[in-house]
Amino acid sequence: MTTIADKFRLPCGTTLKNRLAKAAMTEQLANSDLMPNERHFRLYERWSRGGAGLIITGNVQVDRKHLEHPGNIVIDRKPGGPSMDLFRRFARSAQQDGARAIMQLSHAGRQTPILVNTRPLAPSAVKVDLPGNNFGEPRSMTSAQIDTVIGQFVQAAHVASEAGFSGVQVHSAHGYLLSSFLSPLTNHRADRYGGRLENRAKVLMTIVDRIRAELPEDFILSVKLNSSDFQKGGLTTEDSLQVAEWLEDSGVDLLEISGGSYEQPAMMDMEGMEKRYEEKKAESTKKREAYFLEFAEAVRARTNMPLMVTGGFRSRQGMNEALESGACDIIGIARPLCVKPEFPNQLLSGEVDAVKSYEKNLRIGPGILGPHSPLKIMKTLNGFAVMAFFYENIARIADGKEPVENMNILAAFIRGQKAMAKKARALK
Ligand SMILES: Cc1cc2nc3c(=O)[nH]c(=O)nc-3n(C[C@H](O)[C@H](O)[C@H](O)COP(=O)(O)O)c2cc1C
């Protein structure tokens, strides 16, 4: 029987000490130099001592003009130079007690906040369709700009390797640049990067092939991929399965499965954020703890590549069942680790069996103020305020404090917005 305590050997030869992974969570802790700092080191030391065999960093951006948040870490320079020491400390802090850390690399594309860039680059000029004026009018990339971005991802992987990270994860999910190339809703190009799936996947596949070819053999290469965009006309499950096959052929060590985007945040499955799905999740998936297991099974039927599923895992039983059923090899955990950073060790030792889904019980207020409000604006606000709960707890751990289970999430959201505006101003 396979359990969360079992080791796992990746195709590159690196062995993970157990089947639990801390999934990527943007820390938003960098100062205006966009570098790792003491707060990152404290946070990752705690997370890596928390017991997960694999630690995936929050999204590190490959271009400072395309951040997901003005507090992101950026790598847009060659390896070497004085900043390498900070990246080395980052890698060390995340690899305590035998944990392996991989750096998630991303380019925010059209989902770059307007405070950071009013005209972000994207496959096509398709603006994020959300209320508020948080995202600018994107510019369609030239093929020279596409070549630059490919080079930026590969260069960042070299820096991660030089710093001592065990690998990288290429972020091709959640509507950021690489996943927006995959989706026909956001990629209307008529050149070799648009149209049929093979073309839409070209940027991702070129990055993956170059990283595999240029980095050491035992360097972990992971990709985070959407099972679907959950939007009519978006990336379909069948498209995703095909991309998974190509990724296996290109020697990817670990495919992490997620789904959705800012417009359709399926990966969060939260009240107030979940109601607009046009492509519904299958009933069988709904009954299981994790959101994307059914898709994982479909990938499994077509590939032999190791799979990680993230989204919804909260109990040892749910995790062991997913492993035992063969649907996945690695269990991704994100939100619970903002409140219980030692959750993996506690599960492994038998001290606890499960953790709460904190996001399900947080709300700005009762009734009309809550996530079930008939007012769309309140639903959306609740979704963002719940995220602020997790960001504040990440910051608490980074400051050496204990996370809290209760907070005024509206106040946390307002604090977060102010901090973001201040950081964005400091970048100018
Ligand atoms: C605070 C926070 C930050 C996140 N940042 C990232 C990120 O940088 N990259 C990414 O791929 N996913 C990110 N996610 C999504 C998580 O990796 C994960 O897919 C999602 O939270 C579902 O897993 P869970 O149910 O275990 O929380 C973030 C989630 C949260 C809550």
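Taken over the stretch 35-62, the residue count meeting the criterion of being away from the ligand (no atom under 12 Å from the Cβ), in contact (Cβ under 8 Å) with a residue 60 or more places away in the chain and closer than 17 Å to residue 83 by Cβ is 3.
Which of the residues that make up the stretch 305-328 are under 23 Å from residue 97 (Cα atoms) and touching a Phe, Trp or Tyr at 6+ places or on another chain (Cβ under 6 Å)? The answer is 319, and nothing else. Within the stretch 321-335, the set of residues being within 18 Å of residue 56 (Cβ to Cβ) and more than 16 Å from the ligand (Cβ to nearest atom) comprises just one member, 329. Of the set (1) more than 16 Å from the ligand (Cβ to nearest atom); (2) part of a loop (DSSP other than H, G, I, E, B); (3) buried (at least 24 other Cβ atoms within 10 Å of the Cβ), all apply to residue 203 but (2). Among the residues making up the stretch 209-233, a single one is buried (at least 24 other Cβ atoms within 10 Å of the Cβ) and away from the ligand (no atom under 16 Å from the Cβ): 211. Kindly indicate the residue of the stretch 127-149 that is among the polar types (S, T, N, Q) and more than 22 Å from the chain's Cα centre (by Cα) and also modelled with the lowest pLDDT among those meeting that condition. Out of the qualifying residues, it is 133. Selection within the stretch 285-310: residues that are in contact with a strand residue (DSSP E or B) (Cβ under 6 Å, 6 or more places away or on another chain) and small (Gly, Ala, Ser). The member of this set that is nearest to the ligand (Cβ to nearest atom) is 290. Among the residues in the stretch 8-19, are any over 16 Å from the mean Cα position of the chain (by Cα), among the charged types (D, E, K, R), within 16 Å of the ligand (Cβ to nearest atom) and part of a loop (DSSP other than H, G, I, E, B)? Taking every residue of the stretch 8-19 in turn, at least one turns out to be over 16 Å from the mean Cα position of the chain (by Cα), among the charged types (D, E, K, R), within 16 Å of the ligand (Cβ to nearest atom) and part of a loop (DSSP other than H, G, I, E, B).
Of the listed requirements (1) part of a helix (DSSP H, G or I); (2) touching a residue at least 40 places away in the same chain (Cβ under 8 Å), residue 193 misses just one: (1).
Scan the stretch 94-119 for residues that are assigned to a strand (DSSP E or B) and more than 16 Å from the ligand (Cβ to nearest atom) and jot them down. First the steps, then the outcome.
Just the residues of the stretch 94-119 that are assigned to a strand (DSSP E or B), to begin with: 100-106, 113.
Correct list: 100 only.
Please verify whether residue 72 is part of a loop (DSSP other than H, G, I, E, B), surrounded by fewer than 24 Cβ atoms within 10 Å (Cβ to Cβ) and more than 16 Å from the ligand (Cβ to nearest atom), treating the condition exactly as stated. Spelling it out, it is not the case that residue 72 is part of a loop (DSSP other than H, G, I, E, B), surrounded by fewer than 24 Cβ atoms within 10 Å (Cβ to Cβ) and more than 16 Å from the ligand (Cβ to nearest atom).
Show the residue pairs that are 6+ apart or on different chains and have beta-carbon atoms under 7 Å apart, the first residue being within the stretch 338-352 and over 19 Å from residue 57 (Cβ atoms) and modelled with pLDDT of 95 or more, the second being away from the ligand (no atom under 12 Å from the Cβ) and in a helix (DSSP H, G or I). Close Cβ pairs (under 7 Å, with a partner that is away from the ligand (no atom under 12 Å from the Cβ) and in a helix (DSSP H, G or I)) amount to 347/316; 352/346.
Do we have any residue at all in the stretch 75-85 that's more than 20 Å from the chain's Cα centre (by Cα) and β-branched (Val, Ile, Thr)? So that I can check it myself, show each step before the final result.
Just the residues of the stretch 75-85 that are more than 20 Å from the chain's Cα centre (by Cα), to begin with: 77-85.
From the residues that got through so far, the ones that are β-branched (Val, Ile, Thr) too are none.
No, because not a single residue in the stretch 75-85 is more than 20 Å from the chain's Cα centre (by Cα) and β-branched (Val, Ile, Thr).
The test for being surrounded by fewer than 19 Cβ atoms within 10 Å (Cβ to Cβ), away from the ligand (no atom under 12 Å from the Cβ) and not β-branched (Val, Ile, Thr) does not hold for residue 318. Residue count for the stretch 147-189 under the criterion of being of a type in the set (S, T, N, Q), more than 16 Å from the ligand (Cβ to nearest atom) and under 18 Å from residue 211 (Cα atoms): the result is 5. Report yes if residue 60 is under 28 Å from residue 214 (Cα atoms) and crowded, with 24+ Cβ neighbours inside 10 Å, otherwise no. So residue 60 passes the test.
The values are calculated or read from the model by the stated rules, or taken from the named source; none is laboratory data. What you see is a predicted model, and the numbers here were worked out from it, not measured in a lab. Glycine also receives a Cβ, built like all others from the backbone with ideal geometry; neighbour counts cover every protein chain displayed.
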